[in-house]
1. Give all pairs with beta carbons closer than 6 Å in which a residue from the stretch 446-468 that is in the same structural domain as Asp491 (by TED's automatic domain parsing) meets a residue that is part of a helix (DSSP H, G or I); count only pairs at least 6 apart in sequence or on separate chains.
2. In the stretch 1-51, what residues are charged (D, E, K, R) and within 10 Å of the ligand (Cβ to nearest atom)?
3. For the stretch 250-300, enumerate the residues that are open to solvent by 10 Å² or more (accessible area, probe 1.4 Å), outside any strand (DSSP E or B) and either within 10 Å of the ligand (Cβ to nearest atom) or β-branched (Val, Ile, Thr) (or both).
4. Looking at this structure, is Gln44 at pLDDT below 95 and polar (S, T, N, Q)?
5. Would you mind stating whether Ala67 is free of Cβ contacts under 8 Å to residues at least 60 places away in the same chain, within 16 Å of the ligand (Cβ to nearest atom), within 19 Å of Asn306 (Cα to Cα) and surrounded by 17 or more Cβ atoms within 10 Å (Cβ to Cβ)?
6. So, Ala69, is that one over 21 Å from Ser163 (Cβ atoms) and at pLDDT 95 or above or not?
7. Looking at the stretch 194-201, can you tell me whether even one residue there is near the ligand (Cβ under 10 Å from one of its atoms) and either assigned to a strand (DSSP E or B) or at pLDDT 95 or above (or both)?
8. Would you mind telling me which numbered condition in (1) surrounded by 16 or more Cβ atoms within 10 Å (Cβ to Cβ); (2) within 14 Å of the ligand (Cβ to nearest atom); (3) among the polar types (S, T, N, Q) Ser146 fails?
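The values are calculated or read from the model by the stated rules, or taken from the named source; none is laboratory data. It should be emphasised that the depicted structure is a prediction, and the values quoted were computed from it without experimental measurement. Neighbour counts run over all protein chains shown; Cβ positions are idealised from the backbone, glycine included. Keep in mind that these areas ignore ligands, DNA and RNA; they rest on the heavy atoms of the full protein, side chains included. Shrake-Rupley method; radii C 1.70, N 1.55, O 1.52, S 1.80 Å.
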Amino acid sequence: MRDEHDCDVLVVGAGPTGLCTALMLAQHGIRVRIVDRRHGPVEQSRAAIVHARTLECLDRLGVAEAAVARGLPITDVQIHSSGRPAGEMPLAGAGAADQTRFPYALALEQFETERVLADALDVPIEWGTEVVGLTDTGSGVSVETSVGVITARWLVGADGASSTIRKFLGQEFDGETYEQSGMLADVTLDVSLGVQGMRLNLTPGGFVGVLPLRSGRYRLFGVVPPELHNAPQGAVTHESYAPLDHAVLQRWFDDYFKVDARLDEVVWASMFRFHSRLAARFRVGNAFLVGDAAHIHNPAGGQGLNLGVGDAVNLAWKLAQVVRGEAPEWLLDTYEAERRPVARTVLKRTDLGFKLETGNSAVAVWMRTHVATRLVGVVSRLAFVRRMFFHMFSQLWIGYRGSRAVGRGVGQLKPGARAPYSPGVLDRTHGPGYHVLLFSVPAVRFEGPVTTHVIPPSDVAAFRAYQVDGPRLVLIRPDGHVAAVTDSVEDMTSFLDTVLVRVRVRG
Ligand SMILES: Cc1cc2nc3c(=O)[nH]c(=O)nc-3n(C[C@H](O)[C@H](O)[C@H](O)COP(=O)(O)OP(=O)(O)OC[C@H]3O[C@@H](n4cnc5c(N)ncnc54)[C@H](O)[C@@H]3O)c2cc1C
C-alpha cells in the first residue's frame, strides 16, 4: 500500500547534519524533503576542522574527494607555551596511515563542507521554510511551516542548537553555559606560518590557536581573556555569536598568540559563549534529534560538526531500511542507544579539556603553564601516545558495543567497532545495505539487502586487519561498523534474521 504522506522523511535544517542525513537517505532511494528557514547557504566559515572519521563517512557518501580537494590536510599540532615551542603531536605519522585512508585532520570551512554535500544532493533544499508547528499523528508527523503543512512518516530535527523541533518534543537541553567566552576569527597575516600544522599556545589566561586554511587565511581561536570580555551576559542563546571589532582582535592577537606577525584583513570574527548540553532523548515518537539539536559542547578539539555527521550516518541507513520494510522498527531505537552515549563521552572529554585549558584557579594555571607543557614535550615523543592522540581527536574510537543492532563476536574483532581499515575491503563495502565478508569460508550468498564478498587469501592485508585466524564471516553495517563476527553460516543467518525482516542464504 502506498504511503499517503508527502514524503517518507522530512529533514528540518540544511546545516551539515541535515544535509548528510538527506543525502544518505536519497542515496538509499528514500523520498526525502529538506527544509531550512534560511534563504540560502551559510556564508560564515564556522566549524573549520573535519576529522578522519567524518571523512570516512563522507567517503561512504561519495563526497570525501571533493571535500579534500577544497580543504587543507593538517598533519601535526605544534604546542607552544607562552610563545615557546613545547612539543608536537603529529597526526599523519605514528601509524595513522595504517588506521585510515585519511590520516590527518582536514581544515575546511563549514560553508565548503555544506557546499560539497549540497552539490551531491539531488533533492532541492527548500529554503525560506520555517517550521512553526509539529503534531505527531501516531502514523507519522504533520509539520506546520511558514509556507504550508508537510506530512511525513518520519521527522529528523537537524535544526541546530536552538532547535524548535526539540522544544516541540518537550525535551530539556540540560547542561551548562560557561563563564568564559571564546573568540573565532578568519584573518590574513602579513607572513606565512606554514601550511601543515595547527599551532596551539598555552598561556596563563587559557589556550589560543592558529589553524591554516587552504585559501591562505588563518583561523584564530581560543578563550577570551577577562579584560577583553564583553560578551552579552543576559540573553545568552545557544548560538550567541557576537561580531567583533578589529581593534579587539588585534589586542587579543598581540597579547596572547605570541606570533611574530600582524593581522592584515579580518574576514570574519565572532565572540561566543561555551556551552555543554545534551538532550534527554534523541527519539520521541516519530521524530529524531541529530547534530547540535541533540548536543552542543565547547569547541575544544573541533568535535561539533563531526559528531553531527556521525549522527546522520548512524540514523539514515536505519530509517532507510525501516521505510523500505527491510528492517524491524525497533532498529530505530538503537540510534539513541548508540549515539547518546557517544555524545555524552565527547561532552565529558571536552569539558575536562576545556577546564584544564581555561581554568583560572592557581592550580589550573600552574598545571597549564608548568606541568602540561613539560609533559607534552616528553609524552609527545612516545609512539603510543601519538597514536592515541590521533585516535581520540579523529573520532576513530567511536563504537557501539553492546547495542541491540550488533551481534556476538568470535575472535579479536569486536562487533560494534568501526570496521578495520583495509584498502581492499573498504571500497567494496560502500553503498546501501549490509556486507558480509567471507574469510576462508566456502562461498555462500545471502539474499536481501546484503552483499556477499569472498576475501581472497592473497589479500593478506585484509586478513591481518580483520585479525582472522580461522574461518570467519564478518558483517559490516552500512555505516561502516562491524555488526557481527562468526565462524558459521547458520549463526550469521540467525543474526541477520534479527536485524532484517527476511533473509535467505544460497549455497
Ligand atoms: C558562528 C559560529 C561559529 C562556529 N564555529 C565552530 C568551530 O569553530 N568549530 C566547531 O566545531 N563548531 C563551530 N560551530 C558549531 C558548528 O557550526 C555546529 O556544530 C554545526 O553547524 C552543527 O551542524 P547542524 O547541522 O547540527 O546545525 P546547524 O549548522 O546549526 O544547522 C541548523 C539549521 O537549521 C535551520 N533551522 C533552525 N530552526 C529552524 C526551523 N524552525 N525551521 C527550519 N529550519 C530551521 C537553521 O537555519 C540552520 O541552517 C560554530 C557555530 C556558529 C554559529
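1. Pairs that qualify, where the first residue is in the same structural domain as Asp491 (by TED's automatic domain parsing) and the partner is part of a helix (DSSP H, G or I), are His453/Arg428; Ile455/Ala462; Asp459/Gly424; Ala462/Gly424; Ala462/Val425.
2. Asp36, Arg37, Arg38, Arg46 - these are the residues of the stretch 1-51 that are charged (D, E, K, R) and within 10 Å of the ligand (Cβ to nearest atom).
3. Of everything in the stretch 250-300, those that are open to solvent by 10 Å² or more (accessible area, probe 1.4 Å), outside any strand (DSSP E or B) and either within 10 Å of the ligand (Cβ to nearest atom) or β-branched (Val, Ile, Thr) (or both) turn out to be Val259, Asp292, His297, Pro299, Ala300.
4. On the way: at pLDDT below 95: yes; polar (S, T, N, Q): yes.
Answer is yes for this residue.
5. Criteria met by Ala67.
6. Criteria met by Ala69.
7. Checked against the condition, which is being near the ligand (Cβ under 10 Å from one of its atoms) and either assigned to a strand (DSSP E or B) or at pLDDT 95 or above (or both), the stretch 194-201 yields no hits at all.
8. So the condition that Ser146 fails would be (1).
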